[in-house]
Amino acid sequence: KLDFDYIIHSASIASPTFYRKYPIETMDANVWGLRNLLDFALIKSKTKKRVKGFLYFSTSEIYGNPDKTNIPTKENYNGNVSCVGPRSSYDESKRFGETLCVNFSKEHKLPIKIVRPFNNYGPGLKLKDKRLIPDIMNNILSKKNITIYSDGSPTRTFCYIADAIHGYLNALIIGKSGDYYNIGNDQDEITVKNLVKKIIFLSSKIIDFKPKIIIKKSKEKDYLVDNPQRRCPDLYKSRKDLKYKAKINLNDGILRTIMWYKSNMKFK
């Protein structure tokens, strides 16, 4: 007989390249996978040993492409999201997942908490995940030039995984039931092009290779459709409720990540 106190649902296809390729599978994980776990938690809540906490991994993608007045983005921003675009299978199923969680929490008094990750990176993320930082590092480690499939102007903030995990666990343990929290880093907002330059510079201290930057249009017609121009979290609520603070700056995080990848090329 299985015994447990906490449930964490973080299973999803989260890389844009792959959720555009597998939209139905993405929705299945985000909706049916979640619903099955919520029902499981509900069954356990009717026993003597109730679930102490349920954590749902949503995403900062639910905000879509915020206007300038909503950067940094607070949790109460309703979002600017397409329900039919190439990213919608991920965005909208995560939004619906939050609706499920909030209503299960209200109706059944379950201790469900929601986190909205903002661009996590670091050791453990597969080099072929097709997200920005591992994609850049994969090229450097493979000694290939780096191609940017945009003008390089969109900006992001990035949160090192050790900081992010601190936020997630605090949300699970001390977050308010039925509530939702941004987890990320609100410092070092940087353009894609400048991020590439930064990673090239920092990696040159460790790897004897300096790639060229090539800017070209992607052959995938939906590559830039609904792509947010800026992404930066407002962390006031997480600091207040979760005592959360990101401590690792972008330079340190990138160096740690490069060193880990260099030592673990078998994960390529």
## Note on the structure
When restricted to Lys221, Lys243, the only residue at pLDDT 95 or above and either more than 18 Å from Pro134 (Cβ to Cβ) or buried (at least 16 other Cβ atoms within 10 Å of the Cβ) (or both) is Lys243
#### Entry: Residue count, segment 121-153 (criterion: buried (at least 21 other Cβ atoms within 10 Å of the Cβ) and under 20 Å from the mean Cα position of the chain (by Cα))
6
### Query
If we keep just the residues of segment 7-37 that are outside any helix (DSSP H, G or I) and in contact with a helix residue (DSSP H, G or I) (Cβ under 6 Å, 6 or more places away or on another chain), which is surrounded by the fewest Cβ atoms within 10 Å (Cβ to Cβ)?
Ala11
### Query
Inside segment 223-268, can you point out the residues that are among the small types (Gly, Ala, Ser) and either in contact with a helix residue (DSSP H, G or I) (Cβ under 6 Å, 6 or more places away or on another chain) or in contact (Cβ under 8 Å) with a residue 60 or more places away in the chain (or both)?
Ser238, Ala246, Gly253
### Query
Which of the residues belonging to segment 179-201 are within 30 Å of Lys243 (Cβ to Cβ) and either assigned to a helix (DSSP H, G or I) or more than 20 Å from the chain's Cα centre (by Cα) (or both)?
Leu195, Lys198
### Task
For Arg95, state whether it is open to solvent by 60 Å² or more (accessible area, probe 1.4 Å), within 16 Å of the chain's Cα centre (by Cα) and within 20 Å of Asn65 (Cα to Cα).
yes
### Residues of segment 117-143 satisfying the condition of being over 14 Å from Val196 (Cα atoms) and either aliphatic (A, V, I, L, M) or part of a strand (DSSP E or B) (or both)
Pro117, Asn120, Tyr121, Leu125, Leu127
### Task
Answer yes or no: is there a residue in segment 176-192 that is in contact (Cβ under 8 Å) with a residue 40 or more places away in the chain, surrounded by fewer than 17 Cβ atoms within 10 Å (Cβ to Cβ), more than 19 Å from Pro72 (Cβ to Cβ) and touching a Lys or Arg at 6+ places or on another chain (Cβ under 9 Å).
yes
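The values are calculated or read from the model by the stated rules, or taken from the named source; none is laboratory data. Predicted model only: the values in this text are computed from it and were never measured. Methodologically, a virtual Cβ is constructed for each residue, glycine included, from the backbone with ideal geometry; neighbour enumeration extends over all protein chains shown. The protein model used for the area step is the full one, side chains on, heavy atoms only, and it has no ligands, DNA or RNA in it. Shrake-Rupley method; radii C 1.70, N 1.55, O 1.52, S 1.80 Å.
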